[in-house]
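First comes the structure, then the notes that go with it.
The values are calculated or read from the model by the stated rules, or taken from the named source; none is laboratory data. Model, not experiment: these values are computed from the prediction. Here Cβ is always computed from backbone atoms with ideal geometry, including for glycine, and neighbour counts include all displayed protein chains. Heavy atoms of the whole protein, side chains included, go into the accessibility calculation; ligands, DNA and RNA do not. Shrake-Rupley method; radii C 1.70, N 1.55, O 1.52, S 1.80 Å.
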Amino acid sequence: MEHNDIVYGVHAVTESLQANTGNKLYIQDDLRGKNVDKMKALAADKKVSISWTPKKTLTEMTEGAVHQGFVLRVSEFAYADLSVILERAETADNPLILILDGLNDPHNFGSILRTADATNVTGVIIPKHRAVGVTPVVAKTSTGAVEHVPIARVTNLSQTLDILKERGFWVFGTDMDGTPSTKWNTAGKLALIIGNEGKGISANIKKQVDEMITIPMSGHVQSLNASVAAAVLMYEVYRNRP
């Protein structure tokens, strides 16, 4: 049985259709106008079937959200198994696995994937709960990187870190007080944890970190955007590779 997610509203539905993630389009049966004509043409172009549906049904489907008369079923992203990332790490000289601890912003996630692809990151691990998954916005922001970087979704990040440690990975986190990134020893097998945009790395995960890394800053702002911080550190590893 395929699990289907839905997106709704003119903007989100258009983006998802353009990203080729749409399965079936539901349009409010009494809706007329430019948007309807555009959406019909786009659905035809992407070979997505249309079902003309009463407004009441659409409202039930979206649990009362503002859908503007457009609801789209999208196929769920095919996540990689953790074992795939671990196998890839075995054949890499200096593997870097990225762990995103509760990232919420799809644009940050997409940007991180884009840089991960550019710097040959081995794989990305995200938690199933309280974090953004691979949505159409993430896919679009990543400019195709979702197709090239394996992404695993795990139930328990803490257990996953234990598995990585058993495999000889050294676990790094980002913090205000730590080793400056310019002095970071990036040899060997690396797992890098990027924390939540506001709260940082969660307390139980922090206990498993071997070393904290700090990006030196001399300005007035105390922290960088999550995707920018991740990019600086990915490039540090990339730069130091033999």
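Checking each residue in segment 153-170 for being touching a residue at least 60 places away in the same chain (Cβ under 8 Å) and not in a helix (DSSP H, G or I) picks out Arg153, Val154, Arg167, Phe169. With respect to (1) part of a helix (DSSP H, G or I); (2) open to solvent by less than 20 Å² (accessible area, probe 1.4 Å), the lone exception for Asn204 is condition (2). Selection of segment 93-136 for residues being at pLDDT 95 or above and open to solvent by 30 Å² or more (accessible area, probe 1.4 Å) yields Ser111, Arg114, Asp117, Ala118, Asn120. Would you call Gln28 farther than 25 Å from Ala230 by Cβ and open to solvent by 70 Å² or more (accessible area, probe 1.4 Å)? Against the criterion (farther than 25 Å from Ala230 by Cβ and open to solvent by 70 Å² or more (accessible area, probe 1.4 Å)), Gln28 does not qualify.
Go through the residues of segment 188-196 one by one and say whether even a single one is within 27 Å of Leu17 (Cβ to Cβ) and open to solvent by less than 50 Å² (accessible area, probe 1.4 Å). The answer is no, given that none of the residues of segment 188-196 is within 27 Å of Leu17 (Cβ to Cβ) and open to solvent by less than 50 Å² (accessible area, probe 1.4 Å).
When segment 224-242 is limited to residues that are in a loop (DSSP other than H, G, I, E, B) and over 21 Å from the mean Cα position of the chain (by Cα), the one that is nearest to Thr186 (Cα to Cα) turns out to be Arg241. The single condition from (1) touching a residue at least 60 places away in the same chain (Cβ under 8 Å); (2) under 21 Å from Ser111 (Cβ atoms); (3) touching a strand residue (DSSP E or B) at 6+ places or on another chain (Cβ under 7 Å) that Ala229 fails is (1).
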